[in-house]
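Inspection log for the structure reproduced underneath, given as structure tokens.
The values are calculated or read from the model by the stated rules, or taken from the named source; none is laboratory data. Just so it is clear, the model here is predicted, and its values are computed rather than measured. Every residue, glycine among them, receives a Cβ derived from its backbone with ideal geometry; neighbour counts consider all protein chains shown.
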């Protein structure tokens, strides 16, 4: 009983002390799947955010209205489950002292949970979830004064680039392969839309689906081959993409694979091995230390987490830059009140030097008729990457200039 | 030969080979069910841990066969551990707590694997040559062949051991009638522990031979457990080689129906057949008819 | 030992008062514990409560591992969501949700009816997987993986905000709770529990398994549908993937965690699975819970150390699990990464430490502390009344055969029992006596030959049909309804549900004092008498007693002989299998002797005793002396 009282007293004292400190910190919540199937993306994103926060705190913190405050991160693992995600959104939005939220990998969670942030006006930066629905739902709902911002190359841009690439490579007939999740299905719809939008020069000869956990894709590939597909447009995540690549090799079906940014995930590249070579995907960031802008981030990440490869470099870099942008917005707002933070995110004054690019006013005031107002990425700051011998390299070396950040968005 | 038929044959062969993996995992269910009337719903996690153990050993530059044997030893220890911690007490109390306890042990195993080996799916190195073989226009990869050979090999070995070693005969006696076996001086507790250890060993072996096809990751065996459970129950929980037939049939059905109906529906016909098979033969397709005694 | 405080009220009344207090408290909670999060958790708890009360019907009361509940929940949610999109009002949408789960759920019960154990689990699992596939693939209806968004409809012009929706969910929980309690304590519910303990006995006593299984499943599905409907309106967004295996495991955990066969258990389980994983993401609370759990789990260990005994596994295992959890929580740098593992350790400790769940453990404690006023019992009426009137012979077997594989268990048996006659059936072990009774009572279908009970021919191999023809039996290996009390066991066997009549049957076998005792706590001899009372309660035209005296003490055997004599007095035809020859000699008008599946002799006890074929069957040839000594019970 004594031990119990001791522990209780200890806990109470710690809880009071953390309460006393609370006034001097900026609380930022990070949510995403930190366990389960999509954990590589969630963990990389979180670690990117953490890295930025550690660096800011080492410099003393953020100057908020004349007071220097440290950033405190609150992590919540949504396990990739919708209900958990929605409850976490409810929890964070009722905490009362959260300045902003960064995260979400699964589009379904954004659709289910973000309404709770909107109700309370809490700022959220969505990264790296790319599914269109997480922003377009607000256009459909006609929301005004939206506090939700996206910091990822959304599927609209990615689908556009994938279709452009297939056209450029001289393909006529393509097959679409996608996974059965929200991400895959909405990717499929975006691709079909883009093909029409770009004049229907491509003909979709097969649309095939695969489930999370499927390892044998020969059925889908045989059908695509029988239909005469000259390229596979593919939307899925690492392990299943790798299964497609090895299935292609097994069948001797040599057509290019072009797909979403997830083709750059290390669990695709490592697992697919040589069969993954040549896969093409839009990238906002490439883990290549020869790119000057990215070097320091990559090195710091490797050092901080004891790895030689980032599980999902895009997620990590976006998490890092999102945290930098948020910190700048809080500084400019001079307050941690969500409404002030939102207002300054709508109109960032200072250009933030990120590891992806120099961010100059990435968002503008929300307009429900134009989803781009709260989308940070444009076609222009996204490049095509290619898998080559276990690494992602630029598909078109001339694009290097984009990643060096010389070409800013207009 | 027309291409449609060839494609179907390709699907059937690929599915059947994967089905042998289901059968091998299902075999682990059967071993423990025979001895103690309980199965490990965390069997998939043992498969996963076995694969990770094999991976760790082979990254430590041990030869392939040594790492596979090492993984099997780890699997046997884990199987024993599951029986000791999650199953024994619940069976003594005659409640179904073991169903949940085995699931819970599995949950912990996933969390531990995530922290020890990372959340990433990793490739599993093998000594097999790259590329695919072709038989009559049907391509088969070396790791797939290894699954078939491995499943047949280990099942034959264990079945032989059950018939021709004292320990194996003791396990069979306990499966037939636990009380009677104890009266004959067989320690039924040890026999049950032994069968769990062997079940764990076969799960770990399954992990090492499936991993080259599926990759290694904390969630690699989540869907495998359910498939294997289906195979074990449909074949009948007392028929060893019936498992292979049921596994091959399920794997091939899935692949062919995915091909014909669209990939989203690939599991549906198999599931409907499964419910029908159970409704018609509750004891399983190859199981012995249960006579109710009062 | 402390005898416990006597509470001047019945258990059921006390439970109601506590429950209503809890509900009032829960309804008032939003006023004290503010914020959307609290409301979200409480709403989720109420929804899961409805769902788990439904799941407990199959998992707890029916005793089958049902893995379809998450899928039925999904069907309810989609049913509601689609009708809301079509513009239905809130009550209508909820009804649609219930229907959407009820119809497939009841349909699933049909093929699953013959199955038990792993086979039942697998058929429900297959159904669940199939459901998710259909929801995913029917994109034109369900919008597939993209998910379905809905807006919560008003309740009769009343816009529901988060708080009022929470109250609606509480009302639904209360209704589900109360109606489940009424249903499961009714004759129908008792039959479901009887069925779990012995489906053979329920069939043989004419209670029936089929409709009860379907009902249990249908009720569980209806509640899943209701919960699904509320869930859809709560979150306003549905995706098929959210209702998969993970959720199912969580729900099963909830039921076992809380405690099976108890609405309180389901409610506590719901509170735990809804709140715990979410609350545990709070660092401070997490540490408090881990430390508390650690201390609690070490108490039994310390107690064992004080009394100098080796602790049991059920004491060491939770302590070990909690110790690992504490180490992970306090000494590993990245505790957040281990959160799921620590949660699993928690679950392990609780499931091992409280095998009957939290509600079960609490109930045991409560019964030690409090004594409730007992249920009043009506005075016994009746006694051993005469059998239902019937014409012709009581039983006619003609040329009955049954073999198992190569073994001819019963071969060409032709036999008659007259009205009011008591026929003894004897024979060495394995001579086919019990198989014969199994054939007559419909447990086995004969290979050839026919059975006629009181002038009607029951359907082959149907216990129910044989029972409705008028047969009733007891079992050589006892088949008691462990979950029921003696009185309840009798009540479900009666045609009319009159307690006084049931008491009459208990009085007839001398068990009226033990009416309120659960079968699981009764002695072997008492259970044997109870089986006879059960059989009598069906008012049989033919009573078959399969070795009623086996294992009984001598005084009990005298009681038994008196009882059978009084049944005989009431002109009930009896088929009595017995090894105690003096019992047979005293009671039977005629005796039939079986050996190797054949009837070898038939006559009065006196004739049989002198029959050389019988003596040979029992003792081998030329050993006539010892037979009579052997026949005396030891």
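Descriptive notes on the structure:
- Exactly one residue out of B:229, B:259 is under 26 Å from residue B:119 (Cβ atoms) and facing another protein chain (nearest Cβ under 9 Å), and it is B:229.
- If the condition is being over 15 Å from residue A:388 (Cβ atoms) and touching a strand residue (DSSP E or B) at 6+ places or on another chain (Cβ under 9 Å), then the range A:259-283 contributes A:259, A:260, A:261, A:262, A:267, A:271, A:282.
- Residues in the range C:128-148 that are farther than 19 Å from residue A:112 by Cα and at the interface with chain B (Cβ under 7 Å from one of its Cβ atoms): C:129, C:130, C:133, C:137.
- For the range C:326-353, the candidate set comprises residues that are touching a helix residue (DSSP H, G or I) at 6+ places or on another chain (Cβ under 8 Å) and more than 10 Å from every other protein chain (Cβ to nearest Cβ); within that set, the residue that is nearest to residue A:79 (Cα to Cα) is C:335.
- Candidates B:42, B:28, B:50 - the one that is more than 12 Å from chain A (Cβ to nearest Cβ), modelled with pLDDT under 90, out of contact with any strand residue (DSSP E or B) (no Cβ under 9 Å at 6 or more places or on another chain) and buried (at least 24 other Cβ atoms within 10 Å of the Cβ): B:42
- Helices (runs of 4 or more DSSP H) within the range C:489-583 that include 1 or more residues more than 28 Å from the chain's Cα centre (by Cα) and crowded, with 21+ Cβ neighbours inside 10 Å: C:554-569
- Given (1) within 21 Å of residue A:261 (Cβ to Cβ); (2) within 11 Å of chain C (Cβ to nearest Cβ), index of the condition residue A:112 fails: (1)
- Qualifying residue in the range C:356-377 (condition: touching a helix residue (DSSP H, G or I) at 6+ places or on another chain (Cβ under 9 Å), within 14 Å of another protein chain (Cβ to nearest Cβ), modelled with pLDDT of 85 or more and within 30 Å of residue A:75 (Cβ to Cβ)): yes
- Summed over the range B:262-282, residues that are facing chain C (nearest Cβ under 8 Å), in a loop (DSSP other than H, G, I, E, B) and under 30 Å from residue C:204 (Cβ atoms) total 1.
- Top-ranked residue of the range A:267-292 - restricted to ones that are in a helix (DSSP H, G or I) and farther than 19 Å from residue A:178 by Cα, ranked as farthest from the other protein chains (Cβ to nearest Cβ): A:292
- Qualifying strands (runs of 3 or more DSSP E) (wholly inside the range C:324-423; at least 3 residues being in contact (Cβ under 8 Å) with a residue 40 or more places away in the chain and surrounded by 21 or more Cβ atoms within 10 Å (Cβ to Cβ)): C:395-404, C:407-417
- For residue B:270, the conditions (1) in contact with a strand residue (DSSP E or B) (Cβ under 9 Å, 6 or more places away or on another chain); (2) surrounded by 24 or more Cβ atoms within 10 Å (Cβ to Cβ) are fulfilled apart from (1).
- Unmet criterion (only one of (1) surrounded by fewer than 24 Cβ atoms within 10 Å (Cβ to Cβ); (2) in a helix (DSSP H, G or I); (3) within 14 Å of chain B (Cβ to nearest Cβ)) for residue C:115: (2)
- Out of A:342, A:349, sole residue that is touching a strand residue (DSSP E or B) at 6+ places or on another chain (Cβ under 6 Å) and not assigned by TED's automatic domain parsing to the domain that holds residue A:276: A:342
- Matching residues in the range A:215-235 - criterion: being in a loop (DSSP other than H, G, I, E, B) and crowded, with 24+ Cβ neighbours inside 10 Å: A:216, A:217, A:229
- Of the residues making up the range A:83-93, none is in contact with a strand residue (DSSP E or B) (Cβ under 8 Å, 6 or more places away or on another chain) and either more than 23 Å from residue A:39 (Cβ to Cβ) or outside any helix (DSSP H, G or I) (or both).
- For the range B:43-99, the set of residues classified as within 17 Å of residue B:150 (Cβ to Cβ) and in a loop (DSSP other than H, G, I, E, B) consists of B:63 only.
- Sole residue being more than 19 Å from the chain's Cα centre (by Cα) and crowded, with 18+ Cβ neighbours inside 10 Å, chosen from B:151, B:112, B:167, B:132: B:112
- Scan of the range B:243-256 for residues that are facing another protein chain (nearest Cβ under 9 Å) and surrounded by fewer than 24 Cβ atoms within 10 Å (Cβ to Cβ), ordered by number: B:256
- A single member of A:252, A:228 is within 14 Å of chain B (Cβ to nearest Cβ) and without any contact (Cβ under 8 Å) to a residue 24 or more places away in the chain, and it is A:252.
- Selected residue (only one of B:154, B:186, B:198, B:169 is in a helix (DSSP H, G or I) and more than 23 Å from residue B:47 (Cα to Cα)): B:169
Matching residues to (1) within 14 Å of chain C (Cβ to nearest Cβ); (2) farther than 30 Å from residue C:60 by Cβ:
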position	(1), (2)
B:62	no, yes
B:77	no, yes
B:83	yes, no
B:103	yes, no
B:108	yes, no
B:112	yes, yes
B:116	yes, yes
B:130	no, yes
B:150	no, yes
